[in-house]
1. Run the quick spin-label model on LEU342 and ILE463: label points 7 Å from Cα toward the beta carbon, then report their separation in nm to one decimal.
2. Would you tell me the accessible area of TRP120, worked out with a 1.4 angstrom probe on the heavy atoms of the protein chains, in Å² to the nearest 10?
3. Compute the distance in nm between two label points, each set 7 Å from the Cα along the Cα-to-Cβ direction, one at GLU163 and one at ASN330.
4. If DNA, RNA and ligands are ignored and the probe is 1.4 Å, what is the ranking of VAL239, VAL198 by accessible area, most exposed first?
5. Considering Cα pairs under 8 angstrom that are at least six residues apart, work out the relative contact order of the stretch 166-292 and quote it in whole percent.
6. Rounded to the nearest 20 debye, what is the charge dipole size of the stretch 528-617 about its Cα centre when +1 sits on each Lys and Arg Cβ and -1 on each Asp and Glu Cβ?
7. What is the sum of charges around HIS195, taking Lys and Arg as +1, Asp and Glu as -1, for the other residues whose C-beta is under 11 Å from the C-beta of HIS195?
8. Relative contact order of the chain, please, whole-number percent, based on alpha carbon pairs below 8 angstrom and at least 6 residues apart.
Amino acid sequence: MKNIVYLFFLLFFVSCISENECTNTTRLTDLVNPLMGTDSERDLSNGNTYPAIARPWGMNFWTPQTGKMGDGFCYTYDAHKIRGIKQTHQPSPWINDYAAFSFMPVVGELKFKEDERASWFSHKAEIAKPHYYSVYLADYGVTAEVTPTDRAAQFQFTFPQHENSWVVLDGFDGGSMVKIIPEERKIVGYCQNNHGGVPDNFRNYFVAVFDKDFSLTKVWEDSVLKELNEAEGFHVGAVVGFKTKSGEKINVKVASSFISLEQAGLNLESEVGNKTFAETKKEGQLAWEKEFSRIKVEGGTEEQQKTFYSCLYRTLLFPRKFYEFDKNNNIVHYSPYNGEVLPGYMFTDNGFWDTFRAVFPFFTLMYPELNSQIMQGLVNTYKESGWLPEWASPGHRNCMIGSNSASLIADSYLKGIRGYDIELLYEAIIKNTKENHKTIRSVGRFGAEQYNKLGYLPFDEKIGQTSSRTLEYAYADFCISKLAEKLGKPQEEIDLFRERARNYKNVFDPEVNLMRGRYEDGSFQAPFNQYRWSYAFTEGSTWHYSWSVFQDIEGLKNLMGGDQQFVEMLDSVFVAPPIYNYDWFYGGTVIHEIREMQVAGMGNYAHGNQPVQHMIYLYNYTSEPWKTQHRVRQVMDKLYTPYPDGYCGDEDNGQTSAWYIFSAMGFYPVCPGTDQYVLGSPLFEKVTLQLENGNEFIVESDNYGKENFYIDRVRLNGTSYNKNYLRHSTILNGGEIELKMSDSPNKKRGISPQCYPYSMTGEE
């Protein structure tokens, strides 16, 4: 009998482990807090995130809605009421949402208008996981739950006993349609709400199937309730009623499509079908566990592990899949550029100005297959619109600067990722260097003719951000030169872009030792205020943009007077007072990026915005690399937590999260387009990367401790290693880097020029 009991418990234990359900087995999804960054507002961002309940890169996300319809701040942590649980595609509150509709359970008197139906809730009765959300809606005594797939979801509403229990489907304004089909327990319809970047025929079609007969049905149009089963107009919705017992669960299976109602039904059948709510929830949890388990961290505090996996979750949300599978299982997509249904991949909701820095380098390292699919999507974007996207949501949007698609494409191809038409992408890149979109300034290169003629974009208040544009164009030209060389293009073409990659020198003023606006006659913009945000720069001052010479830090050092002067200038960013000057460009207001720099307590260092995030790693190009180790750890410890106020600025499509992921692993891609990652200070005792090619790369910290953030010595695959960088191929080949850590800097390691990472100047 004892043997039988023992066998039973052994089998139970093994079963639990295999399902990752036992309390003594940590599920990585339990370390993730989707509410990280949601304690934000327009004047001060702690992330500007919302709880995205989704699958990795899912076509649709779902989120509780506390803000009014159309408000980019759709969920804020300090809100007290929920208006519904909505399907969302929002990549940023500043870009806002599109194709949104929502569900809201109501009990008693029918309340369908968003202000009236909103219910009080508490975070104490709220559960947010990457794959699952639950909240108790106190006004109605209803628990609402949702768990998604890529293109579908299941809802579960637990009602009290009542004669009048309702589910409200809000199609949102901007154009919507609903049709209730009682005999099929179904609601179908579409919504058209958006904030730009869509063709005239844009629609998000949805189908929702309930598991209980309706006792009552109604529709509403522009706040007028009607005893009908169908409505179409500017703003319509549907209401279905039930008689419920105490604790009765009503389940809703829902899917959507940008192609057609029929495709929405196909998405529902293929992704949900006859699965139960619990089965879909489990599938979602395992989908996230699979991705999270690619990087295993050991050591550190529980808070640090939670921050790491919460950041990893954010890094794996965008860009979203904007493609579907037809009845023959072929990949197809509705084009947000020309409105046609076409074969092949499409991805969207991404601002490359943010994500070229770390998100896409992370994909090239950890997700080369996904990266190839994204490149195929870029090919399709160019075919369908004639341009590469710079900020797509879902189509081209007029936001930010640069032609940073060149960085994504070059980095992908140079790191060996294939499976897409690189020649067509190269054609698109070259087109970008010659012109810009006629109506969307962010697509192509704004001011390309002047830049190509003068070697810089001359300062002009009507253009704005001219020095930032010059610096970003020069970096893109470097990437083009490397890609052109790899593709065997004519030498004169390679040389042209290689020469343009040095254009950063044209906006450097030796008088102030910083970048500066420059007029067409060659004189520098005056008067000059080193603390002025905007004018010649984008969301920052010269203190933040002067380091955007990713391709040639050695050349920048020379401009600044050499090694020691360069180090002193880097140091100055942290000791300069957090003062600022703002002007007409931001409407005469202090933008949130300014305020976040001011309150961080790190001088003029503005980690809450992207342009300066790589700057800390530039000490590795000098005789004082240990300062990178100190500053990297300082930022990770001080500016990130796994809580609602856990970021220090906009999270921005995974970029601020990807900075943390790389930095916690101990290295960072300062210059995408090269094969190097610059060393920092690993946060954990051990980090294991499970690479897509089957290899494993380990970062191990010996003498690990909270205060031991300095690197004393390094061994790579058992051999002493003195470089301040790792090569992409080294990581892909698998192996181990061992770092002996110390509480004091080793001022002899990595200090010679032979140890520095790549610079163009070093090739000469």
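1. With each label point 7 Å from Cα toward Cβ, the separation is 3.1 nm.
2. The accessible area of TRP120 comes to roughly 130 Å².
3. 5.6 nm
4. The ordering from most to least exposed comes out as VAL198, VAL239.
5. It rounds to 26 percent for the stretch 166-292.
6. 200 debye
7. 0
8. Rounded, it is 11 percent for the chain.
The values are calculated or read from the model by the stated rules, or taken from the named source; none is laboratory data. None of the values given here were measured: they were computed from a predicted structure. Every residue, glycine among them, receives a Cβ derived from its backbone with ideal geometry; neighbour counts consider all protein chains shown. Surface accessibility is based on the protein's heavy atoms, side chains included, excluding ligands, DNA and RNA. Shrake-Rupley method; radii C 1.70, N 1.55, O 1.52, S 1.80 Å.
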